[in-house]
Every structure is written in C-alpha cells, then in structure tokens.
Amino acid sequence: ASDVYKRQHKYWVEERFRFYESIGLPRTSLEEYWQKPEELAHYARATVDILYKFPFGTQELEGIAARGDFDLSQHQKHSGKPQEYFDQEAGVKYLPHVIEPSAGADRLVLALLCEAFHEEEKADVNGKVETRTILRFHPRIAPIKCGVFPLLKNKPELVARAREVLGLLRPHFQVFYDEAGAIGRRYARQDEAGTPFCVTVDFDTLGENGPENRDAVTVRHRDSAAQERVPISQLVGWLTERLG
C-alpha cells in the first residue's frame, strides 16, 4: 500500500508539470523541490513544491502534499462515524489517503505573464527603430483568440465582409474587431494583448484580384508574423485545431 501511495504522489507531481507545460510554462522554467522532514506540515508524509523561475527569483507555484489518512481519520474521530471504504475485489476495508495539489491562481497568472512577456526592436517603414511588446501566451490561455480586421475601414464591402467573419467566429472564440489605423498598428495592438491569430479581409477576399483567393482571408501568426490564406468556410475548424 505504501508503494502504491508513493507512486500516486509521483503521478500527481508529473500531472501538474504536464498541466503547466500545456498552458505555456516549459520545464526549463520550473523546478521540483521535495520538502525536508523538518519542513513538512504535521499531517504530511511528503510534499513536493513546484517552483517557477520568476525574473525576481525562484518562487513556489504550488505544493503537492501526500496527506496520508489524516483527513478522513480526523472526520472519523470527531464525527464518530466510520469513513472506511470496502474494496470488494480485495475483500478489505481501509481508510482512503489524500494527495492534495494546491496551487495559487494569482501567482500562476503572474508566472504566465512573465513567461509570455517579450520586447523586440523593430524598424518601421521609415527606418525608425521602436521597441514593441509581445505577449507570447499559449493559445489556450490567450484572453483574445483572434483579431478580425477589414484591410481598410473606408471600403464598405470590406467592412461588411469583416463583420460577417466576426459573426462567424464569435460563437466559438473570444474575438476582437478593429478597423482603426494602419494594419501594422492593428497587428501590433493584438501582439501586445497576446492574441495568437489575426484575420484580415482584403480585396482578394472580394475576388477583385482573381477567383483563386476569393472567399479566403489572410491569417497572421503572432509569434512568427507568417501569413497564410485560409478559406472562410474552413476558418472555424482551422482556428479550433490550433487553439488547442
């Protein structure tokens, strides 16, 4: 039973690491710390802390405590009612043990912001170098999943089609519509907000430059700035696949 309990504890430590990786905190940014006997809470048989390497120092994100049967034994003692579980297959009765992952939401949000925050210098069209902020959030946790833009706001056909695309995506994702200013500025605003994808409705979408790109939009990737054409009819599925 002791070996099973140890295995379960290690299983939950690994599961928690996997969770952090799945939302954008790589293992290289995390540390595993096994508390020394003198550091353990009185009820704990073992506790593992998962630490994050913040810019201001390595700090705890969560503790995963192997609490033994402390919880149910206390319930049993003070309520006077048995808390044992009968395992029919094994024919034995036992008091279940508890493994408790306990994480702080505020420090996790801070870790995600620290991991995502990047500054890069880039020259504008006039050669002026400016510092740009990008939040490289994992798509799963990005507050806005997709920006939607008409290439120009003074072309009613582009605006109408962009509004159609907005209506198509809104039931599925948190999206942001923006038609103010140059397209590069709009991309930069979404980069700063951590939006992983931006969709632009342009003259090709309307079929003005030939039929091959008609009813397709330009999708820009935040991290690589790469652009590709995606048919509007496939857009929901395309984004769903990449947003995880």
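Which is the longest run of the chain containing none of the GluC sites (Glu not before Pro) found in DSSP loop states (not H, G, I, E, B) with at most 15 other C-beta atoms within 10 Å?
Longest gap between qualifying sites, sites excluded: 90-207.
Given a Förster distance of 25 Å, report the FRET efficiency between A180 and T133 from their Cβ-Cβ distance, rounded to the nearest 0.05.
0.85
Please report, in cubic angstrom per residue, the volume enclosed by the convex hull of the alpha-carbon atoms of region 48-107. Numbers along the way, then the final one.
Numbers: hull volume 7.2 nm³, N = 60.
Per-residue hull volume (Cα only) is 119 Å³.
Just one of (1) 19.0; (2) 18.1; (3) 20.3 is mean projected area of the Cα convex hull in nm² as worked out from the coordinates here. Which one is it?
(3)
Based on the Cα coordinates of region 139-225, what is the per residue volume of their convex hull in Å³?
Working: hull volume 8.1 nm³, N = 87.
Convex hull of Cα atoms, per residue: 93 Å³.
Take the solvent-accessible surface of the protein heavy atoms, probe 1.4 Å, and return the percent of it on region 22-123 that carbon and sulfur atoms account for.
Values: 3290 of 6490 Å².
C and S fraction of accessible area: 51 percent.
Mind scanning K53/K145; K10/K145; K122/K153; K36/K93; K53/K128 and naming the pairs with a C-alpha gap bigger than 29 Å?
K10/K145; K36/K93; K53/K128
Taking Rh as the Kirkwood radius computed over C-alpha pairs, what is the Stokes-Einstein D of region 76-137 at 10 °C in a medium of viscosity 1.306 mPa s, expressed in µm² per second?
Calculated translational D: 90 µm²/s.
Summing -39500 (n - 2.57) over the DSSP H runs of n ≥ 4 in the chain and dividing by its residue number, what mean residue ellipticity at 222 nm do you reach, to the nearest 500 deg cm²/dmol?
-10000 deg cm²/dmol
Given the Cα-Cα distance of H42 and D124 and 0.36 nm per residue of separation, how much length would full extension add, in nm?
Extra length available between H42 and D124 comes to 23.5 nm.
Which of the chymotrypsin sites (Phe, Trp or Tyr not before Pro) across region 50-79 are loop residues per DSSP, with 11 or fewer other Cβ within 10 Å?
Those that pass, being in a loop and sparsely packed, are F56.
Whole number please: convex hull volume per residue of the Cα set in region 53-187, in Å³?
Looking at region 53-187, the number lands at 218 Å³ per residue.
Which helices, counted as full DSSP H runs in the chain, have an axial Cα extent of no less than 18 Å and a Kyte-Doolittle average of 0.0 or above?
Helices meeting the criterion: 156-169.
Round to a whole angstrom and tell me the spacing of the C-alpha centers of region 148-181 and region 46-121.
44 Å
For labels at V4 and Y33 in the simple 7 Å Cα→Cβ model, what's the distance in nm?
So the two model labels end up 3.3 nm from each other.
On the principal axes of its Cα set, how long, how wide and how thick is region 105-167? Give whole Å, largest value first.
45, 36, 14
Out of every Cα-Cα pair in region 40-82, what percent are more than 12 Å apart?
For region 40-82, the share of Cα pairs beyond 12 Å comes to 67 percent.
May I ask you to compute the full-extension gain from S233 to E212, defined as 0.36 nm times their residue separation minus their alpha-carbon distance, rounded to one decimal in nm?
Taking S233 through E212 to full extension adds about 6.1 nm, to one decimal.
The values are calculated or read from the model by the stated rules, or taken from the named source; none is laboratory data. What you see is a predicted model; the values in this text were computed from it and never measured. Here Cβ is always computed from backbone atoms with ideal geometry, including for glycine, and neighbour counts include all displayed protein chains. Side chains included, ligands, DNA and RNA excluded: accessible areas come from the protein's heavy atoms. Shrake-Rupley method; radii C 1.70, N 1.55, O 1.52, S 1.80 Å.
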